[in-house]
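Single-structure report; data block below.
The values are calculated or read from the model by the stated rules, or taken from the named source; none is laboratory data. Note that this is a predicted model, so its numbers are computed, not measured. Cβ placement follows ideal geometry from the backbone for every residue including glycine, while neighbour counts extend to all protein chains displayed.
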Amino acid sequence: MKKLFSIVFAMTALVFSLQAQPPGGGGGDPEAMKARMKERIKPMLVQQAGVSDVEADKILDINFDFQMKSRPIRMDQSLSEDDKKKKMKEAEDARDASMKAIPLTDEKMAKVKAFYEEMRKRQQEGRGGQGGGQGRGQGGGQGRGGQQR
């Protein structure tokens, strides 16, 4: 009986540890997460937003830092929606100021924002089908028949 209890307890702990990822999501080392993000996104960012490799590295660093700062704000259940909006606005303003300090022209800044907006849309659409790129969306209840590509 004790052995069965131990096994059930270990399995429960495993399930909860898999669900309770560290801040920033996806589990694991933030530097490794940043490296994977750069590997996946940088080529598209350079091509679609017309930024240089150096600018793309800086943009990706700034956006990764923003994600690391904004996730705890979004997840903080002790904050009211107004407080969350206020803190997110501050974080977004700081991110935008860092982008302009790269320096990015207004035209490149607009292209970068459009790039990320398009990425966000594709990720939201993909959650039900092909996933958001971080282990989500495997099946998602829609199956392959629901995709229109």
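Descriptive notes on the structure:
- Residue pairs whose Cβ atoms lie under 6 Å apart, sitting 6 or more positions apart in sequence or on different chains, and linking a residue in region 85-102 that is in contact (Cβ under 8 Å) with a residue 40 or more places away in the chain to a partner that is among the acidic types (Asp, Glu), are ILE102/GLU55.
- Selection within region 83-107 - surrounded by 16 or more Cβ atoms within 10 Å (Cβ to Cβ), within 13 Å of LYS58 (Cα to Cα) and at pLDDT 90 or above: ARG95, SER98, ILE102
- Residue count for region 39-82, restricted to those that are crowded, with 16+ Cβ neighbours inside 10 Å, over 12 Å from the mean Cα position of the chain (by Cα) and of a type in the set (Lys, Arg): 2
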